[in-house]
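Have a look at the structure below before the remarks.
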Amino acid sequence: MRRIAGIAAAALAALAAAWAATGPVRAQAKKEEKPVKFIGAAKCKSCHNAKKTGEAFAVWQKTEHAKAFEVLGGDKAKEIGKAKGIPDPQKAPECLRCHVTAHGEPAERLDKKWDPKLGVQCETCHGPGEKHFKARMAAAGEEGGSGDDKEKALVKLPAGEILARPPVETCLKCHNTESPSFEGFCFKNRLKEIRHWDPRKKRTEADIAALECGCGEKCACTKAECGGWPEPREGDASKK
């Protein structure tokens, strides 16, 4: 009996030791499961506003995306809202889901300085940017700089850090017949309106031509029938 009890005690001790040994792994796994936050365009600006990297923030500011929340307060939006029984489009979930980035996300997923009035920001297309922001800032710090203050080569980003090439399906979630102002959607023509290419990444004439819609001036696409991104070349995982 004593022998059995001794064996049982030894087994329990071994299990306890194994559980304790995996503690750091479990803690790390729990930490990694924490949802990535939406940080807002203002933080994206810290690295994406220089001419040498494509002035992405400045390009975004001039787009209809940046005015997406503001436009809901206009006469046209109010007229559409009235016809649909919506008294205030700027407060209606059915409008905000496509006119405000991260609408409906819990507060813990939003940066403390998050401003919904900025409309459709970078992260609607590229996904929540907290992981990317922290990783790039850490890398810049190790190199003795920060943000956009240094001339740097393109960086091949780890998978899952940020979405460099948003798929057409991301656009079609809002650019579809459910929108009362929908007039068709051509991915390639719309891409021209918001394009913010990094000039450090060299593109051939063939690369550029692949993103031209062949429908002519009056594109008949309603669901991006003319296609999306061309097949990626080697090295396309690099930063935009």
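The values are calculated or read from the model by the stated rules, or taken from the named source; none is laboratory data. This structure is a prediction, so every number in the text was calculated from the model and none was measured. Positions of Cβ are generated from backbone atoms using ideal geometry, with glycine treated the same way; all protein chains shown enter the neighbour counts. Quick note on the areas: whole protein, heavy atoms, side chains included, nothing else; ligands and nucleic acids left out. Shrake-Rupley method; radii C 1.70, N 1.55, O 1.52, S 1.80 Å.
Which condition breaks for residue 66 when tested against (1) closer than 18 Å to residue 175 by Cα; (2) aliphatic (A, V, I, L, M); (3) in contact with a Cys (Cβ under 9 Å, 6 or more places away or on another chain)? All conditions pass for residue 66, except number (3).
For residue 8, are the conditions met, namely being under 23 Å from residue 111 (Cα atoms) and either assigned to a helix (DSSP H, G or I) or modelled with pLDDT under 70 (or both)? Spelling it out, it is not the case that residue 8 is under 23 Å from residue 111 (Cα atoms) and either assigned to a helix (DSSP H, G or I) or modelled with pLDDT under 70 (or both). Kindly evaluate residue 207 against the criterion of being open to solvent by 30 Å² or more (accessible area, probe 1.4 Å) and either at pLDDT below 70 or within 29 Å of residue 53 (Cα to Cα) (or both). Judged against the criteria, residue 207 is a match. A Cβ distance below 6 Å, combined with a sequence gap of six or more or placement on separate chains, defines the contacts here; from the stretch 156-185, residues that are open to solvent by 50 Å² or more (accessible area, probe 1.4 Å) reach residues that are part of a loop (DSSP other than H, G, I, E, B) in the pairs 156/237; 163/127; 165/229; 175/185. Of the residues making up the stretch 86-114, those that are open to solvent by 40 Å² or more (accessible area, probe 1.4 Å) and over 16 Å from the mean Cα position of the chain (by Cα) are 87, 88, 90, 91, 93, 94, 106, 107, 108, 112, 113. Considering (1) open to solvent by 70 Å² or more (accessible area, probe 1.4 Å); (2) more than 14 Å from residue 36 (Cβ to Cβ); (3) in a helix (DSSP H, G or I), the lone condition that residue 125 does not fulfil carries the number (1).
For the stretch 191-220, a residue qualifies if it is charged (D, E, K, R), outside any loop (DSSP other than H, G, I, E, B) and under 23 Å from residue 64 (Cα atoms), and the qualifying residues are 192, 193. Candidates are the residues of the stretch 190-199 that are touching a helix residue (DSSP H, G or I) at 6+ places or on another chain (Cβ under 8 Å) and open to solvent by 60 Å² or more (accessible area, probe 1.4 Å); the one that is nearest to residue 170 (Cα to Cα) is 190.
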